[in-house]
1. Quick one: in the stretch 97-116, of everything that is more than 12 Å from the chain's Cα centre (by Cα) and among the hydrophobic types (A, V, I, L, M, F, W, C), which residue is surrounded by the fewest Cβ atoms within 10 Å (Cβ to Cβ)?
2. Can you tell me which of (1) over 19 Å from Phe29 (Cβ atoms); (2) at pLDDT below 95; (3) not charged (D, E, K, R) is the one Ala102 doesn't meet?
3. If I filter the stretch 72-80 for residues that are closer than 16 Å to Asp33 by Cβ, aromatic (Phe, Trp, Tyr) and open to solvent by less than 40 Å² (accessible area, probe 1.4 Å), do I get at least one hit?
4. Do you know which residues across the stretch 43-64 are open to solvent by 90 Å² or more (accessible area, probe 1.4 Å) and within 20 Å of Ser17 (Cα to Cα)?
5. Every residue in the stretch 47-84 that is within 17 Å of Glu6 (Cβ to Cβ) and in a loop (DSSP other than H, G, I, E, B), please.
Amino acid sequence: QVQLVESGGGLVQPGGSLRLSCAASGSIFSINDMGWYRQAPGKERELVAISTNVGSTNYADSVKGRFTIARDNAKKLVYLQMNSLKPDDTAVYYCYAETRSARYDIVKSTWGQGTQVTVSS
């Protein structure tokens, strides 16, 4: 079993910043992609930012230049620094990871429980 625990959400004014953290634990031999998705009320879950195990990153167009993803492989952590936040960034943010529990095991996807980010004055 793999667990992802997010922290760092909350209420912030437009133009403000927040930093989300996600810690992975459990039966983990390696982590492939690790990153963040979000889901606003009435909308589908969408990719925010992802970091691969070879160091590349991918961002949603709506957050490029404002959000930065960072990863600490040794500690199994991923962060999302969110700057210049807008009301449209309001959503539940979910941590996501693809893991193997052994060298030749299949890759499994895991989601965190989500953390609420609200951008409002």
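The values are calculated or read from the model by the stated rules, or taken from the named source; none is laboratory data. Worth saying up front: this structure is predicted, and the values here are computed from it rather than measured. A quick note on method: Cβ atoms are made from the backbone with ideal geometry, for glycine too, and the neighbour counts reach across all protein chains shown. Areas reflect the complete protein model, heavy atoms only, side chains present, ligands, DNA and RNA absent. Shrake-Rupley method; radii C 1.70, N 1.55, O 1.52, S 1.80 Å.
1. Ile106
2. Result: Ala102 passes all but (1).
3. Within the stretch 72-80, none of the residues are closer than 16 Å to Asp33 by Cβ, aromatic (Phe, Trp, Tyr) and open to solvent by less than 40 Å² (accessible area, probe 1.4 Å).
4. Asp61, Lys64
5. Selection gives Lys75, Lys76.
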